[in-house]
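The values are calculated or read from the model by the stated rules, or taken from the named source; none is laboratory data. Keep in mind it's a predicted model, so treat the numbers as computed, not measured. Glycine also receives a Cβ, built like all others from the backbone with ideal geometry; neighbour counts cover every protein chain displayed.
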Amino acid sequence: MTPAAEDAGEQLRGSRITTDEVNSHRLGRRLALAALFEAEFGQRTAATILERHIAESGADSATADFSRGLVSAVVEDRERIDGLIERLAPQYPVVQLARMDRTLLRSGIGEVLHSGTPSRVAIAEWVELARTYSGEPARRLVNGVLGRITRDPEAGAHPAPDPGPQ
């Protein structure tokens, strides 16, 4: 298990989230990422693509709802998300990022800002997805940008809940 996954696991245990919920959200993230990435090519909307991916994967309703919420957040708030990327990582203009890197960043930011998932958990999950789908440079980029967003009071990220006594 990677350090990021271990950290996410600690946060989730503190929040009393079940293994089924963790797995559901992981699949939901992958479905959302696939739909948003495919939509970058402009043939269909992300929502239409997502519905196809949900049907093909046989995802349960919780997974489908989570992925729909994530896709909706990214699509509806794309202008603000891109503005955050431009402001917090000006050396990486959004239009010059590889499609996958851009999609990973947008998706991670969408979850951090709109899902209610604790920031540390969302960051750990998106960093792992970046490493898997794009490589080490994207992993560092996603980690850096999402970390800055959580520390930026204007961004409105959801902080990690206090796990309480352990």
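Points to keep in mind about this one:
- Lone qualifier among 59, 64, 47 - being farther than 25 Å from residue 154 by Cα, touching a helix residue (DSSP H, G or I) at 6+ places or on another chain (Cβ under 7 Å) and assigned to a loop (DSSP other than H, G, I, E, B): 59
- Hey, residue 139 part of a helix (DSSP H, G or I), in contact with a helix residue (DSSP H, G or I) (Cβ under 7 Å, 6 or more places away or on another chain) and within 13 Å of residue 37 (Cα to Cα) or not: no
- Filter result for residue 147 (closer than 14 Å to residue 28 by Cβ, under 15 Å from the mean Cα position of the chain (by Cα), part of a helix (DSSP H, G or I) and at pLDDT 90 or above): no
- Candidates are the residues of the range 50-75 that are of a type in the set (A, V, I, L, M) and free of Cβ contacts under 8 Å to residues at least 24 places away in the same chain; the one that is farthest from residue 111 (Cα to Cα) is 55.
- Some residue of the range 96-107 being assigned to a helix (DSSP H, G or I), among the hydrophobic types (A, V, I, L, M, F, W, C), buried (at least 17 other Cβ atoms within 10 Å of the Cβ) and within 12 Å of the chain's Cα centre (by Cα): yes
- All of (1) surrounded by fewer than 22 Cβ atoms within 10 Å (Cβ to Cβ); (2) in contact (Cβ under 8 Å) with a residue 40 or more places away in the chain; (3) out of contact with any Ser or Thr (no Cβ under 6 Å at 6 or more places or on another chain) hold for residue 110 with one exception: (1).
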